2 protein chains.
Amino acid sequence: MKQQIRILGIDDSPFKFNGGKALVVGALVRVPNYLEGVMKSEVTVDGSDSSDAIIQMVSRSRYREQIKAIMTDGIALAGFNIIDVKRVHEALRIPVLTVTRDEPDFEKIKSALMKHFPDWTERYSLVTKLELRRIQTEHNPLFVSGVGLSWLEFEELVRISTVRGVVPEPIRIAHLIAAAMVKGESSGRS
Amino acid sequence: MKQQIRILGIDDSPFKFNGGKALVVGALVRVPNYLEGVMKSEVTVDGSDSSDAIIQMVSRSRYREQIKAIMTDGIALAGFNIIDVKRVHEALRIPVLTVTRDEPDFEKIKSALMKHFPDWTERYSLVTKLELRRIQTEHNPLFVSGVGLSWLEFEELVRISTVRGVVPEPIRIAHLIAAAMVKGESSGRS
């Protein structure tokens, strides 16, 4: 895989209110960590518009043709606004990869969805329909799922876009920006 | 000068309305280009609050002690909201450096200030009281002024924080973020 590829990292901002909006930031990074562009969108907290928001943000972007992969921080934005990874991939024809540091507890997710969402079966099927794999890094493991590339290629993408610690730069940078825009300053882990 | 130093680049967003607010973004970069933190503030378009905004944003920052220099994109934010570089330096005890790619046309600035601002003499004296020097880069020249370091050190700061082209990374990154937050996506030159 070439060293000049560009990955769009996507993360959401902290949010306060149910039914409110959360900021979504896309950071276009030439690996390992040269920031080439920034874009934004917004999604409804606990809504169902995260796939559409990502598809629209990327479709209208002037960087669109440069993006070789999309990396999201987990499979949901703004609470339980679950990303339909397969639909995003099919709409954009760009490989999509979800990355998280915390091993998902599917039973806990299921009961939270059942409790709060009439459409919980749909949401839960989006969470579980992709295989989730553990990638060992030099530090802690990462949990990754994705569509559009082989596992070896996904692992390679994570490896070539990570500079320090375990979080790939596109996601780390998107996180710093989104947090700062809502809280005034970035902080903490992505 | 150490290679691990951190520079806070500051740039403003595009803006539309006189009297309105412009977003100000600070990008904390470990040279040459590792983004460590992001912060934000706002200033009044054509107002006189840019120095206070910078002083407050940096004073309250948890990154404050790490910042070895502040680099601003030119000497004004949000139109003619001129930065009092000396005052910012004295308040924060951090070297401050203004960097611009366009050679300032002082006669043009003076007549614009005279036309629009009753306090034009104060603003103009802030623009002119620091020596401005041309720094030759591999590409085009940069025009730099600053307080708190020697010229050699300022030149070194510019050199070690530039990756591609002529714009130092702290300013380039702050520009990308500020533009994207207001326009939806970054574009163009900083």
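Annotations
- Leading residue by the ranking (nearest to the chain's Cα centre (by Cα)) among those in segment A:167-186 that are under 18 Å from A:Glu155 (Cβ atoms) and open to solvent by less than 10 Å² (accessible area, probe 1.4 Å): A:Ile171
- The condition (being assigned to a strand (DSSP E or B), within 21 Å of A:Ile67 (Cβ to Cβ) and modelled with pLDDT of 95 or more) is satisfied by just one residue among A:Leu97, A:Leu157, A:Leu149: A:Leu97.
- Any hit, segment B:135-145, residues being assigned to a helix (DSSP H, G or I) and either in contact with a strand residue (DSSP E or B) (Cβ under 7 Å, 6 or more places away or on another chain) or closer than 18 Å to B:Glu103 by Cα (or both): no
- Flag if B:Phe106 is over 28 Å from A:Tyr34 (Cα atoms), surrounded by fewer than 18 Cβ atoms within 10 Å (Cβ to Cβ), hydrophobic (A, V, I, L, M, F, W, C) and without any contact (Cβ under 8 Å) to a residue 40 or more places away in the chain: yes
- Test set (1) touching a Gly at 6+ places or on another chain (Cβ under 8 Å); (2) of a type in the set (S, T, N, Q); (3) within 10 Å of chain A (Cβ to nearest Cβ) - B:Asn33 fails condition number: (1)
- Contacts under 8 angstrom Cβ, first residue in segment A:52-69 being at the interface with another protein chain (Cβ under 10 Å from one of its Cβ atoms), partner open to solvent by less than 60 Å² (accessible area, probe 1.4 Å) and of a type in the set (Val, Ile, Thr), 6 or more apart: A:Met57/A:Val24; A:Ser61/A:Ile67
- Filter pass, B:Val163 being touching an Asp or Glu at 6+ places or on another chain (Cβ under 8 Å) and among the aliphatic types (A, V, I, L, M): yes
- Failed condition for B:Val147, given (1) open to solvent by less than 20 Å² (accessible area, probe 1.4 Å); (2) within 14 Å of the chain's Cα centre (by Cα): (1)
- Members of segment A:45-73 found to be among the basic types (Lys, Arg) and within 16 Å of the chain's Cα centre (by Cα), listed by number: A:Lys68
- Residue count for segment A:113-134, restricted to those that are in a strand (DSSP E or B) and either surrounded by 17 or more Cβ atoms within 10 Å (Cβ to Cβ) or touching a Leu at 6+ places or on another chain (Cβ under 7 Å) (or both): 0
- For A:His89, the conditions (1) farther than 23 Å from A:Asn33 by Cα; (2) of a type outside the set (D, E, K, R); (3) out of contact with any strand residue (DSSP E or B) (no Cβ under 9 Å at 6 or more places or on another chain) are fulfilled apart from (3).
- Within segment A:157-188, the residues that satisfy the criterion of being touching a residue at least 60 places away in the same chain (Cβ under 8 Å), farther than 24 Å from A:Ala91 by Cβ and more than 14 Å from every other protein chain (Cβ to nearest Cβ) are A:Ile160, A:Val166.
- Filter result for A:Arg87 (in contact (Cβ under 8 Å) with a residue 40 or more places away in the chain and either touching a His at 6+ places or on another chain (Cβ under 8 Å) or open to solvent by 40 Å² or more (accessible area, probe 1.4 Å) (or both)): no
The values are calculated or read from the model by the stated rules, or taken from the named source; none is laboratory data. Being a predicted model, the structure only gives us computed values, none of them experimental. Here the Cβ is made from the backbone with ideal geometry for all residues, glycine too, and neighbour counts use every protein chain on show. Accessible surface is based on the protein model in full, side chains and every heavy atom, while ligands, DNA and RNA are left aside. Shrake-Rupley method; radii C 1.70, N 1.55, O 1.52, S 1.80 Å.
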